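The values are calculated or read from the model by the stated rules, or taken from the named source; none is laboratory data. Just so you know, these numbers come straight off a predicted model, no measurement behind them. Note that we place each Cβ from the backbone using ideal geometry, even for glycine, and neighbour counts take in every protein chain shown.
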Amino acid sequence: MFNKTNYWISGMALLSVFSCQKTEETTVEQVKETTLVKPLYVSDPVVHDTDDPAIWINPLDASKSLIIGTDKDSLGALYVFDLKGKTVDSLVRRDIQRPNNVDVGYQLEMGDSKIDFAVTGERLTSKLRFFKLPEMEEINPSGIEIYQGEEGPEFRDLMGVAIYKSPESGKTFVIAGRKNGPTDGSYLWQYEIKGSESGIELQLVRKFGNFSGNKEIEAIAVDHELGFVYYSDEGVGVRKYYADPEKGNEELALFASEGFTEDHEGISIYKTSEKTGYILVSDQGANFFHVFPREGTTTNPNEHPLLTKIPVSTISSDGSEVTNVNLGPDFPNGLFVAMSDDKTFQIYKWDDLAEVIQKSIQP
């Protein structure tokens, strides 16, 4: 999931060799002594069922950025909130048939202009719906159908979506997951997004991604700068691949395979520098977010050991998003937002989560 500009927090402590050698037993014990992290704001409730948020960074005034969240139902919607969780009624888009996940892309070429956009998957129609930001004007009315030709049970039921913009080629892609799919390494489908003055077209560029067959794959997150895609194979772990289709379909890592109560869910990536930071994964059944080093260890960039677990007040959280951008006085080092199973999104000051992480990794 995409931060428009490569920001990072100067002076913030980076992960040490010691922190990567911490054992799960030690970090969990530290968590027991940690106070529950509470949000700074809680959003207005949606009508049906919150599922996944995204953050749009306003390029003119970051303090006026927006949070976009799904209301998952056959009569669902994309809700738009300000940074205090207040609904911007004029931007809410309804009549979306069971939107699960949402993501944001930036500077997509559309003829002679460039636009920012939000995309969500409409599960009941197997369509992707695209909306220009910040106006929330739909680009291709009624959406674009994907997973054509798939016939397996729930093989066309759209769930996860993530945007990847290649720093090298400048191409923009959408990666889509579904409720069920094959176990032959072709679970995720990746499309190049091609914009023009008349709208958006999608070109299928690859099918990739292992699937255990255990539950499903919903949460997908992309590290644009490092060029990786991560997704939760629920009940099994987090899988890591190259985001660029030209780099192949080799699975680079399977981590977060122990210590989760039930499902692995939302994934979000916080950057502390160009190459360092944290991967946060929701432990849905325990109301924790597990934290892993973005850069791996000093000897293996594809080894992601557990650093700590952050106890949060979200209830059974599916989706989350984070940014390190200074969003004003409330969020000088960024914002973390997570879905909560009470029809809301909880909005956290990043500093409150960072305090827990730093205490856990100190020698």
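Residues in the range 191-217 that are closer than 27 Å to Met110 by Cβ and either in contact with a Leu (Cβ under 6 Å, 6 or more places away or on another chain) or surrounded by 23 or more Cβ atoms within 10 Å (Cβ to Cβ) (or both): Tyr191, Ile193, Gly195. Quick one: would you say Val337 is of a type in the set (A, V, I, L, M, F, W, C) and over 27 Å from Tyr79 (Cα atoms)? Answer is no for this residue.
Taking the residues in the range 330-361 that are in contact with a helix residue (DSSP H, G or I) (Cβ under 9 Å, 6 or more places away or on another chain), surrounded by fewer than 16 Cβ atoms within 10 Å (Cβ to Cβ) and in contact (Cβ under 8 Å) with a residue 60 or more places away in the chain as candidates, determine which candidate is nearest to Asp44 (Cα to Cα). Result: Asp330. Is it the case that some residue within the range 316-326 is free of Cβ contacts under 8 Å to residues at least 40 places away in the same chain, assigned to a loop (DSSP other than H, G, I, E, B) and hydrophobic (A, V, I, L, M, F, W, C)? So far as the range 316-326 goes, no, none of its residues is free of Cβ contacts under 8 Å to residues at least 40 places away in the same chain, assigned to a loop (DSSP other than H, G, I, E, B) and hydrophobic (A, V, I, L, M, F, W, C).
Applying a threshold of 7 Å to beta carbon distances and a minimum spacing of six or more residues, or different chains, the list of pairs starting in the range 239-250 at a residue that is part of a helix (DSSP H, G or I) and ending at one that is surrounded by 17 or more Cβ atoms within 10 Å (Cβ to Cβ) reads Pro245/Gln190; Pro245/Arg206. A count restricted to the range 325-363 and to residues that are small (Gly, Ala, Ser) and modelled with pLDDT under 95 stands at 1.
The single condition among (1) within 22 Å of Asp283 (Cα to Cα); (2) surrounded by fewer than 23 Cβ atoms within 10 Å (Cβ to Cβ) that Gly227 does not meet is (1). A Cβ distance below 6 Å, combined with a sequence gap of six or more or placement on separate chains, defines the contacts here; from the range 274-292, residues that are in contact (Cβ under 8 Å) with a residue 60 or more places away in the chain reach no residue that is aromatic (Phe, Trp, Tyr) and surrounded by fewer than 22 Cβ atoms within 10 Å (Cβ to Cβ).
Matching residues to (1) surrounded by fewer than 23 Cβ atoms within 10 Å (Cβ to Cβ); (2) polar (S, T, N, Q); (3) more than 17 Å from the chain's Cα centre (by Cα):
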site	(1), (2), (3)
Ile279	no, no, no
Ser282	no, yes, no
His290	no, no, no
Asn302	yes, yes, yes
Ser316	yes, yes, no
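Taken across the range 206-225, residues that are within 21 Å of Lys247 (Cβ to Cβ), touching a helix residue (DSSP H, G or I) at 6+ places or on another chain (Cβ under 6 Å) and not in a loop (DSSP other than H, G, I, E, B) do occur, with at least one present. Count of the range 256-304 residues, restricted to those that are over 25 Å from Asn100 (Cα atoms), in a loop (DSSP other than H, G, I, E, B) and out of contact with any Asp or Glu (no Cβ under 8 Å at 6 or more places or on another chain), is 9. Would you check if Gln203 is within 23 Å of Val281 (Cβ to Cβ), polar (S, T, N, Q) and not in a loop (DSSP other than H, G, I, E, B)? Judged against the criteria, Gln203 is not a match.
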